[in-house]
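For reference, the structure is listed below as structure tokens.
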Amino acid sequence: MIPKVQLAPDYSISQLIAGGWQLQKRSDDAIEDLLQLSRLGITTYETSDTYSYGQSLLGRFLSRAQQSLPSDIFSGIQIHTRYTAPTTGSAPSKATIVDSIDRSLKELKVPRLDLLQLQWWNFNVPGFEETLSLIGDLRKAGKIHHIGVTNFGVHILDRVIATNVPVVTNQVQYSILDRRADNQLSAYAERYGINLLTYGALAGGFLGRKWISAHDPAAVPMSGKRFSHEYRSIIDLAGGWNTFQNLLRVLNTIASRHGCSPSAVALRWVLQKGPGIGVLIGASSPKQLLDLLPAFKIDLSPTDVTAIHKTVQHVNEDVGILERDVNSSLFAAIHSN
Ligand SMILES: NC(=O)c1ccc[n+]([C@@H]2O[C@H](COP(=O)([O-])OP(=O)(O)OC[C@H]3O[C@@H](n4cnc5c(N)ncnc54)[C@H](OP(=O)(O)O)[C@@H]3O)[C@@H](O)[C@H]2O)c1
């Protein structure tokens, strides 16, 4: 039911990628859930060198998957990870980069990384081009199958293209609340053959039933409700809490008509309107994934899409700018998480 999409002539993934951020607080009990996600059609998983236990958990998952899953499913599993450059100070040395990639190989227990994504937050840190070139060399040496980047807008991708290192993906935020990738990035990525993988389709869970008619957790700090400050900041960019509540009501009405959840409608909108070929989703349990699967069956009419678009404001920035602007609320929110 979850289609496969092609990132390179020799590389296809499941259109939904199971995000690893949610797995950080889980123990090995998560492995059974991850096996179940594979049986339901997600065969691509993502983690990061910065997610605690993320890579080693997926390494243990791979070992179990080999024993427990039918060989046709197991052979289609991929794990995407990242190399994250330091956010302050001097350029990362060749040795630290190689060590990080070797640690990923060791923790995932694989001979080659399926997709290694470069995360580079602070461009005052030198060594960007050198790091990307080294990653290109490690690919030629067989440690990496494909290379991606994350949270890069057009101005940074210009520097990527200039290195001639073959980059097949760029991972960026995209949802009903955050359509910045539609501004310049999607046309640029298409021109240079870079596949966009998008995250945040559910705005970290805000685009879900439990927030309908709820108090703004930022205004009621003692409410005890867990929420992501990053995505709460995205709600402000889209018009604020009242605007967001109007959007939830619209999504709920559409969902009732389709017999699915508002979260499935939010995911459907990303699949139908988004610039990404693949969508990273923070559904780490089979129950959450089953709730979202109607997104692959329903179709949003032009009237539905107009009703959704009318509720929210659109920001005219390229992606990656606000995330790196020390004066923006998004920057502050990312660093408070
Ligand atoms: N490159 C980057 O900078 C970056 C940044 C962020 C994320 N990512 C990647 O993208 C992945 C996904 O992004 P994300 O986790 O930020 O956003 P997301 O997919 O928009 O939201 C995930 C959250 O939605 C809730 N959820 C899941 N299934 C649901 C359902 N069926 N109904 C209602 N709520 C549901 C869960 O929260 P509750 O269970 O708490 O309700 C979950 O934590 C991450 O795991 C990570 O791998 C990358």
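The values are calculated or read from the model by the stated rules, or taken from the named source; none is laboratory data. Just so it is clear, the model here is predicted, and its values are computed rather than measured. Note that we place each Cβ from the backbone using ideal geometry, even for glycine, and neighbour counts take in every protein chain shown. Areas reflect the complete protein model, heavy atoms only, side chains present, ligands, DNA and RNA absent. Shrake-Rupley method; radii C 1.70, N 1.55, O 1.52, S 1.80 Å.
Determine whether Gln24 is over 21 Å from Leu113 (Cβ atoms), open to solvent by 10 Å² or more (accessible area, probe 1.4 Å) and not aromatic (Phe, Trp, Tyr).
It is false that Gln24 is over 21 Å from Leu113 (Cβ atoms), open to solvent by 10 Å² or more (accessible area, probe 1.4 Å) and not aromatic (Phe, Trp, Tyr).
Of all residues in the stretch 161-178, count the ones that are crowded, with 21+ Cβ neighbours inside 10 Å and more than 14 Å from the chain's Cα centre (by Cα).
3
Tell me, yes or no, whether the stretch 154-169 has at least one residue that is charged (D, E, K, R), under 21 Å from Ile321 (Cα atoms) and at pLDDT 95 or above.
yes
Need pairs with beta-carbon distance below 6 Å; first residue closer than 17 Å to Tyr231 by Cβ and among the aliphatic types (A, V, I, L, M) and within the stretch 258-284, second open to solvent by 20 Å² or more (accessible area, probe 1.4 Å) and modelled with pLDDT of 95 or more; sequence gap 6+ or separate chains.
Note: pairs meeting the criteria are Ala266/Leu202; Leu280/Tyr199.
Which one of these does Gln66 not meet: (1) open to solvent by 20 Å² or more (accessible area, probe 1.4 Å); (2) more than 12 Å from the ligand (Cβ to nearest atom); (3) farther than 26 Å from Asp10 by Cβ; (4) free of Cβ contacts under 8 Å to residues at least 40 places away in the same chain?
(3)
Could you tell me whether the stretch 20-33 includes any residue that is modelled with pLDDT under 95 and of a type in the set (Asp, Glu)?
The answer is yes; a qualifying residue exists.
Which one of Ala30, Ala85 is buried (at least 18 other Cβ atoms within 10 Å of the Cβ), among the small types (Gly, Ala, Ser), over 28 Å from Tyr192 (Cβ atoms) and within 16 Å of the ligand (Cβ to nearest atom)?
After applying the criteria, what remains is Ala30.
How about the stretch 204-235: which of its residues are in contact with a Ser or Thr (Cβ under 7 Å, 6 or more places away or on another chain) and free of Cβ contacts under 8 Å to residues at least 40 places away in the same chain?
Answer for the stretch 204-235, where residues must be in contact with a Ser or Thr (Cβ under 7 Å, 6 or more places away or on another chain) and free of Cβ contacts under 8 Å to residues at least 40 places away in the same chain: His215, Pro217.
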